[in-house]
Amino acid sequence: MPSIEARGLRKAFGTTIALDGVDLRVEEGRILGLIGPNGAGKTTALNAILGLTQYQGELKVLGRDPWTERERLMRDVCFVADVAVLPRWIRVSQALDYVAGVHPRFDRAKAEGFLAKTNIGSASKVRELSKGMVAQLHLALVMAIDARLLVLDEPTLGLDILYRKQFYDSLLNDYFDRSRTIVVTTHQVEEIQDVLTDVMFINRGRIVLQCSMEEFESRYLEVMVHPEQVAAARALKPIHERQVLGRSILLFDRVDRQQLATLGEVRTPSIADLFVAVLGNQSSATQGAAR
Amino acid sequence: MSIPSNAMPEAIDSQRMAPPVLSANRPLYWSIRRELWENRSIYIAPLAVAGVGLLGFLIGLMGFSHSKHAQAAPDAAHQQVTLAMPYAHAAWVLLLTGFLVGIFYSLDALHGERRDRSILFWKSLPVSDLTTVLAKASIPLVVLPLVVFGVTVILHLVMLVSDAAVQVMKGGSVATLWSPSPLFQMELVLLYGLTVMALWHAPLYAWLLLVSGWARRATFLWAVLPFLAISIFERIAFRTSYFGSLLKDRLIGFAANALSFHTPDGVPIDPHFIPLAQLTPGKFLSTPGLWVGLVVAAGLLAAAVRLRRYREPI
């Protein structure tokens, strides 16, 4: 059974179409990165998956309808929507008490174990903690819940690079196993490239690319072309071309690696570069929004 | 408005559907606990008011003894009333405090969690909107009346003991003090009054909760202005004030229905000391206004539950 399955998912706010017929399938044990510019429909898609908003079309999360079976679903699904949604008045010990009191799958000892590795005292109030510490606290609470699906919507927004790195490291090392599924959206695409197993680009409410990272690495190649071979390289129909320090970098889809190696240095492109290429090719897409 | 019975189906439901571990989870209980963590004014305000009241009482004791004052009363009934006076005043002020705290709590209850975006955190946990709204409604309807009752009883006891201590120090007789028996009666009347008020005011709190879940800002204005507008409209258009008297009845009408201010012989009762015999629970329970109010409250709360499903952070 896939963790998430959507067919023809639609959602409109007045005349603005946030989701325009999204088809989506996320298997169990995957880490999916949902990448898109602001206003592409990422958060709307996640809200539909979490039963926070109504939608048209078919959607099943862990085999349930998220809108009508939300309470039941929330025992198996966890989410971090943005940073700083922990109430500022709550004490760390109260947050632990509360989650332990209402969540059947919360392991308090585990959460306390995570917190012991940080500088967060159990008597502190959230308002006294730095933004990075609040994110650590939220992650500790979430990781101590034995959920089957974890949804992260910009979980590291506004955090410095050290906390961001730490966040994804503990997520991978202490939380993720093959029976869980994680869906994450972020603008810091480069930082999660090694974390993901799947990537999905969304723009204007539509999915414009969906592939596993293995497929990504075998399909897309980037070549820093020797100046004298630019014309030959262009003949192979790159999907994107950019100039860096006077050198042309061409991005190819499904072109033989051996063949490309004769033209210059071949490497796997970053998700961000592919994102710019894919969205840049869409006539009216805004370039560079991935950053 | 019976909170525990409304909460029952969910409790049974979770036991039936879930593995045994789940029975340890008490979402309603913990949701009420978190309201008390967040809104400490629920118990701090009555305690502070009680503290100020006690200080005033003690200063009064230093100056003159209302026991002596009572001895000057013409008969036993008047003496009783004079003795009861400071105790009644203390209880009234605490009743009013509880009412005000309930009003302001309800106006913010479903607004605050949207304002600080924490609604996204609460919604990430398996607690239903029904449980959340019931927990919030139980604060003005159950928790605050109990807090006010507890604080008042403690305050009364401290007053009684300090009164006795001052009398003994002054070499007076403890016999002239107010005896514990009418005090006990007063506490029973207070408990009755708190229950009656909570039931009568239920639609008021439910309305405020609904507005707090609906309005984006200025919850107080949204809660109050519609009523003001309707009153003024009626006054200008029809030169009547039925709506106004309806509101007045909803605010203070419980007293006339739940208590009798005259003895069977038609002798007026001093409101400072209401004997148990003056309580008219039968009349109160048969007042249509009570039941209409409770139905309206249930409807408003149901609307607040539905609204919370769709609401996003402001």
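The values are calculated or read from the model by the stated rules, or taken from the named source; none is laboratory data. Nothing here was measured: the structure is a model prediction, and the numbers come from that model. Backbone-built Cβ (ideal geometry, glycine too); neighbour counts: all protein chains shown.
Look at residue B:202 and say whether it is under 13 Å from the mean Cα position of the chain (by Cα), closer than 30 Å to residue B:274 by Cβ, in contact (Cβ under 8 Å) with a residue 60 or more places away in the chain and outside any loop (DSSP other than H, G, I, E, B). Before the answer, list the steps.
Numbers: under 13 Å from the mean Cα position of the chain (by Cα): yes; closer than 30 Å to residue B:274 by Cβ: yes; in contact (Cβ under 8 Å) with a residue 60 or more places away in the chain: yes; outside any loop (DSSP other than H, G, I, E, B): yes.
Spelling it out, residue B:202 is indeed under 13 Å from the mean Cα position of the chain (by Cα), closer than 30 Å to residue B:274 by Cβ, in contact (Cβ under 8 Å) with a residue 60 or more places away in the chain and outside any loop (DSSP other than H, G, I, E, B).
Counting only helices (runs of 4 or more DSSP H) that sit completely within the range A:24-135, those holding 2 or more residues that are closer than 20 Å to residue A:169 by Cβ correspond to A:108-116.
I'd like to verify a number: residues in the range A:15-43 that are polar (S, T, N, Q) and in contact (Cβ under 8 Å) with a residue 60 or more places away in the chain, how many?
So the answer is 2.
From the list A:91, A:72, the one residue that fits, being at pLDDT 95 or above and assigned by TED's automatic domain parsing to the domain that holds residue A:129, is A:91. Answer with yes or no whether residue A:23 is of a type in the set (Asp, Glu) and over 30 Å from residue B:32 (Cβ atoms). So residue A:23 passes the test. Filtering A:189, A:208 for residues that are aliphatic (A, V, I, L, M), touching a Leu at 6+ places or on another chain (Cβ under 8 Å) and buried (at least 17 other Cβ atoms within 10 Å of the Cβ) leaves a single hit, A:208. Of the residues making up the range B:247-282, those that are free of Cβ contacts under 8 Å to residues at least 40 places away in the same chain and assigned to a loop (DSSP other than H, G, I, E, B) are B:260, B:261, B:263, B:264, B:265, B:266, B:267, B:269, B:280. Before we move on, is residue A:51 free of Cβ contacts under 8 Å to residues at least 24 places away in the same chain, at the interface with chain B (Cβ under 9 Å from one of its Cβ atoms) and closer than 22 Å to residue A:184 by Cα? Yes: the conditions hold for residue A:51. Of all the criteria given as (1) at pLDDT 90 or above; (2) within 30 Å of residue A:189 (Cα to Cα); (3) within 14 Å of chain B (Cβ to nearest Cβ), the one not satisfied by residue A:157 is (1). Just one of the numbered conditions (1) hydrophobic (A, V, I, L, M, F, W, C); (2) in contact (Cβ under 8 Å) with a residue 40 or more places away in the chain; (3) surrounded by fewer than 22 Cβ atoms within 10 Å (Cβ to Cβ); (4) in contact with a helix residue (DSSP H, G or I) (Cβ under 7 Å, 6 or more places away or on another chain) is not true of residue B:81: (4). One residue stands out among those in the range B:276-298 that are among the hydrophobic types (A, V, I, L, M, F, W, C) and within 13 Å of residue B:255 (Cα to Cα): the one that is surrounded by the most Cβ atoms within 10 Å (Cβ to Cβ), which is B:284. In the range A:54-108, which residue that is more than 7 Å from chain B (Cβ to nearest Cβ) and of a type in the set (Ser, Thr, Tyr) is surrounded by the most Cβ atoms within 10 Å (Cβ to Cβ)? So the residue we want is A:55.
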